[in-house]
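A.B. asks: Have a look at the structure that comes next, please.
The values are calculated or read from the model by the stated rules, or taken from the named source; none is laboratory data. Since we're looking at a predicted model, the values are computed, not measured. Quick reminder, even Gly has a Cβ in these numbers, built from the backbone with ideal geometry, and neighbours come from all protein chains shown. In case anyone asks, the SASA skips ligands and DNA or RNA and just uses the protein heavy atoms, side chains included. Shrake-Rupley method; radii C 1.70, N 1.55, O 1.52, S 1.80 Å.
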Amino acid sequence: MGIKIIYFPFKGRAEPVRLALTIAGIDFEDTRVTGEEFAKMKADGVLPFGQFPIIEVDGKPLAQSVAQLIYAGRLAGLIPSDTWEEAKVMEFQMGIEDIVTAMIPALMEKDEAKKMEMKKELADVTFPKWFGYMEKLAGDGGYAVGSKLTIADLSLYNLMSWLKDGIVGIPKDMFDHGKHTKLNKVFATVDGHEKVKAWNAAVNEPKKQTPH
Ligand SMILES: N[C@@H](CCC(=O)N[C@@H](CS)C(=O)NCC(=O)O)C(=O)O
């Protein structure tokens, strides 16, 4: 089986899939392309929703990052077999999707003054509210759900890492004020995973890039 992940040259929505496959030791082609190459693929009609990320499994395309993560997560054993636990993982996962969806407009805004205003709203209102929900929902043993690593941990880790790495206009210490103990524990679980440490050292550290 050949898996190829095609995305922009940053973590973004592709990183949890990259991490799931890395943790499982499943080989994949990590293809990172420019905006021009993306535009060409979009114009050529090879992206089912006209969006990245896209993965190809034996040449067959799969869009939508959550569908991709479910696919990779199953291969990697990062989705519980118990139906209720699986639903709880997806509950957490979709909460993360809601936060990402809420933050994208500010990152894409071109007008600098408006962009900073939108980021202030994120920092002051949106993030405290949503990460407050996630903190309540998370388990206290270092996992979002249950007592084993799941795709929800990888997605939370990815989102928190964007914010901890630093996005202009959003305090990078937002998780350091004692309000997100459980979320920080999940972050530490993933960050301390041997395969994730090796991946970060090889791939992310040399070219730290964060959304703007
Ligand atoms: N629900 C989709 C959202 C994908 C999405 O918004 N992708 C962005 C990049 S992260 C994109 O392709 N933007 C360019 C465009 O829509 O033209 C997913 O999770 O895959």
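A.B. asks: Could you list, in sequence order, all residues of the range 67-113 that are in a helix (DSSP H, G or I), among the acidic types (Asp, Glu) and either more than 16 Å from the ligand (Cβ to nearest atom) or in contact with a His (Cβ under 9 Å, 6 or more places away or on another chain) (or both)? Before the answer, list the steps.
C.D. replies: Restricting attention to the range 67-113, the residues satisfying the condition of being in a helix (DSSP H, G or I) are 67-76, 83-108, 112-113.
Pick out the ones that are also among the acidic types (Asp, Glu) and you get 85-86, 91, 97-98, 112.
Listed by number, the residues that qualify are GLU85, GLU86, GLU91, GLU112.
A.B. asks: Follow-up question, since we're still on this one. State whether one or more residues within the range 12-24 are outside the structural domain of ALA144 (by TED's automatic domain parsing), at pLDDT 95 or above and open to solvent by 60 Å² or more (accessible area, probe 1.4 Å). Steps first, answer last, please.
C.D. replies: Of the range 12-24, the ones outside the structural domain of ALA144 (by TED's automatic domain parsing) are 12-24.
Still in the list and also at pLDDT 95 or above: 12-24.
Subsequent filtering for residues that are open to solvent by 60 Å² or more (accessible area, probe 1.4 Å) retains 13.
Yes: one or more hits.
Residues checked against (1) among the acidic types (Asp, Glu); (2) more than 19 Å from GLU97 (Cα to Cα); (3) in contact with an Asp or Glu (Cβ under 6 Å, 6 or more places away or on another chain):
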residue	(1), (2), (3)
LEU154	no, no, no
TRP162	no, no, no
VAL168	no, yes, no
ASP173	yes, yes, no
ASN184	no, no, no
TRP199	no, yes, no
PRO206	no, yes, no
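A.B. asks: Is at least one residue of the range 168-183 surrounded by fewer than 13 Cβ atoms within 10 Å (Cβ to Cβ), of a type in the set (A, V, I, L, M, F, W, C) and part of a helix (DSSP H, G or I)?
C.D. replies: no
A.B. asks: If you go through the range 133-142 one residue at a time, how many are open to solvent by 30 Å² or more (accessible area, probe 1.4 Å) and part of a helix (DSSP H, G or I)?
C.D. replies: Initially, the range 133-142 is screened for residues open to solvent by 30 Å² or more (accessible area, probe 1.4 Å), giving 133, 136-137, 140-141.
The next check asks that each one be part of a helix (DSSP H, G or I); those that pass are 133, 136-137.
Looking only at that region, the number is 3.
A.B. asks: Still on this structure: Filter the range 36-66 down to the residues that are small (Gly, Ala, Ser), open to solvent by 40 Å² or more (accessible area, probe 1.4 Å) and within 13 Å of the ligand (Cβ to nearest atom) and list them by number.
C.D. replies: In the first step, residues of the range 36-66 are kept if they are small (Gly, Ala, Ser); the result is 39, 43, 45, 50, 59, 63, 65.
Add one more test, that the residue is open to solvent by 40 Å² or more (accessible area, probe 1.4 Å), and what stays is 39, 43, 45, 59.
The answer is ALA39, ALA43.
A.B. asks: Could you give me the residue pairs with C-beta distances under 7 Å whose first residue belongs to the range 13-37 and is farther than 18 Å from GLN93 by Cβ, whose second residue is open to solvent by less than 40 Å² (accessible area, probe 1.4 Å) and part of a helix (DSSP H, G or I) wherever it lies, and which are 6+ apart or on separate chains?
C.D. replies: These pairs meet every condition: THR22/TRP199; ILE26/ALA76; PHE28/LEU21; ASP30/ARG18.
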